[in-house]
Every structure is written in C-alpha cells, then in structure tokens.
Amino acid sequence: SGDQVVVELIRRRHGLDWVAPNAIFVGGSFSDGSPRIDTLEQYDNLEAARNLFRDESELHFSLPDDEAIIKRIKIPANQTLDRKKLALFELTCTLPDDGDNYYLETIPRDGQPDVLGIACRRKTVDEKIAILTERLAKPSGFKTRSLALCSGYLNYCRLNGGELMILIDIGDGFVSYAFLHAHRPVMLGGLKLSKEGESETGREERLVDLVT
C-alpha cells in the first residue's frame, strides 16, 4: 500500500483600507482556519499593488462609516418569530428609501434583546467594486471600517481587559470607533476630524470629545 499524501490548501486574503488615492493592504494566509499575517503595505495608488494578487488571493475592502447607516434595533425577548428576519424588517423600516437599494447586515448579541443593523447603499458599494475590479482585483466582500476594526481585534489580538472594550482607529482626517461587550460589537460608527476651514485646535478638540 502506498503512502497517502495530504495536500493542505492555503488560501490568501488581502484586506484593503482605501482612502483615495492611498491604499493600505494587510495580507495573510489561512490554513485550518488560522490566519497568518505576513504583509502590511501602503501604496499611493491601487495599480501599484497589483503584484499582491498574482496568486489570485481574495480581496476584501472597508467602507467608510459615514457611507453606512448603523442602527441599534430592539427585539422583544419573548418574540417567537425569526429574530434575524424581524431585525432586517425593522432595519428596512428605518431607511430613507426602498430596502432593496441597500446591502443589509444584522449583528445579534447572545441573549440580549438588541441587534446592530448595518445598511450600505448598493450604488455606492457597487461603484467601489467596479473600480477595484477594473484597477486591481474583483472583491470578495466588504465591511464598514468600524466593523473591520472589530474583526481585526477579535481575530488577531490577545483578548485582554474587561467585558467592555472601546476600539478607536485614528486616520488622516477621520476616526472609526467600536464598542464591544463580551466580545460582541454593541456600537459602531465614525466621524470626520476635519471640516472645511477648521483649525488644527478645532480638530484636536473634537478628537478629545470623542475619546471622552
């Protein structure tokens, strides 16, 4: 009898944080569900990063928080209907137009009545997908920056500290924040640090207000 050869399939994935024209990539391999990060690069344009995708790795990108609608939805604890379907229905009722115009996502909290709902306008997302497909690679998925911040913390960091964690990502002119309770996001969002004509002192004061 011959020896059995086990071939381990290793997938590669790249995450993109794109604030035009700059693009920040983090990449790694995934085997047995365990991520191994081996790439962290910044480029001044998308085309310069094409060499990262010669191995047909997956591409996931982040969406600015101000391009999404994020809601906390209360679902009664004694509700017998499908909680996810009910949360999606409640989320669509809060949107300014037809729910079919949005990509929708809900994030439940185990044993809690409230659910986070996220709605991203399809036109906005599809335009970004078209640009990335033409200039770089076809994306496999996307998340808001604040939700991507949560995923990065939960998947790649040592989970120290108490039950309540606050994550803040300060970028060039914007901030994304995430509140987690028992390793589940309970509040997500972002804001711009700079306004037209605003002084450096004004930007610093608004950052202090957010941290407080």
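The values are calculated or read from the model by the stated rules, or taken from the named source; none is laboratory data. Here the structure is a predicted model, which means the values were calculated and not measured. Cβ atoms come from the backbone with ideal geometry, glycine included; neighbour counts cover every protein chain shown. What goes into the accessible areas is simple: the full protein's heavy atoms, side chains included, and nothing from ligands, DNA or RNA. Shrake-Rupley method; radii C 1.70, N 1.55, O 1.52, S 1.80 Å.
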If one computes P(r) from the Cα atoms of segment 56-129, what percent of pairs lie at distances over 21 Å?
34
Sequence-distant residues sharing a close amide H with Gly171 (under 5 Å, placed H)
Ser176
From the gyration tensor of the Cα coordinates in segment 34-189, what semi-axes in whole Å does the equivalent ellipsoid have, largest first, with each one equal to sqrt(5λ)?
29, 21, 14
Pairwise FRET efficiency - Val19 versus Cys157, Cβ, R0 = 25 Å, nearest 0.05
0.65
Just the number, please: carbon plus sulfur as a percent of the accessible area of segment 57-171, 1.4 Å probe, no ligands or DNA/RNA counted.
51
If R0 = 22 Å, then Arg54 and Phe30, at their Cβ-Cβ distance, give a FRET efficiency to the nearest 0.05 of 0.80
For Asn22, what charge total do you get from the other residues with a beta carbon under 10 Å from its beta carbon, if Lys and Arg give +1 and Asp and Glu give -1?
-3
Net charge near Leu149: determine it from the other residues with C-beta under 15 Å of the C-beta of Leu149, scoring Lys and Arg +1 and Asp and Glu -1.
-1
Once you've got the Cα coordinates, tell me which of Lys74/Lys138; Lys74/Lys128; Lys74/Lys143 are over 29 Å apart.
Lys74/Lys138; Lys74/Lys128
Accessible area per residue, Å², segment 32-175 with all protein chains present, probe 1.4 Å:
61
Search the structure for amide H atoms under 5 Å from the amide H of Val186, placed 1.01 Å from N in the peptide plane, and list their residues when 5 or more places away or on another chain.
Phe179, Leu180, His181
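What FRET efficiency do you get for Glu134 and Gln112 if R0 is 30 Å and r is their Cβ-Cβ distance, rounded to the nearest 0.05?
Here the calculated transfer efficiency is 0.10.
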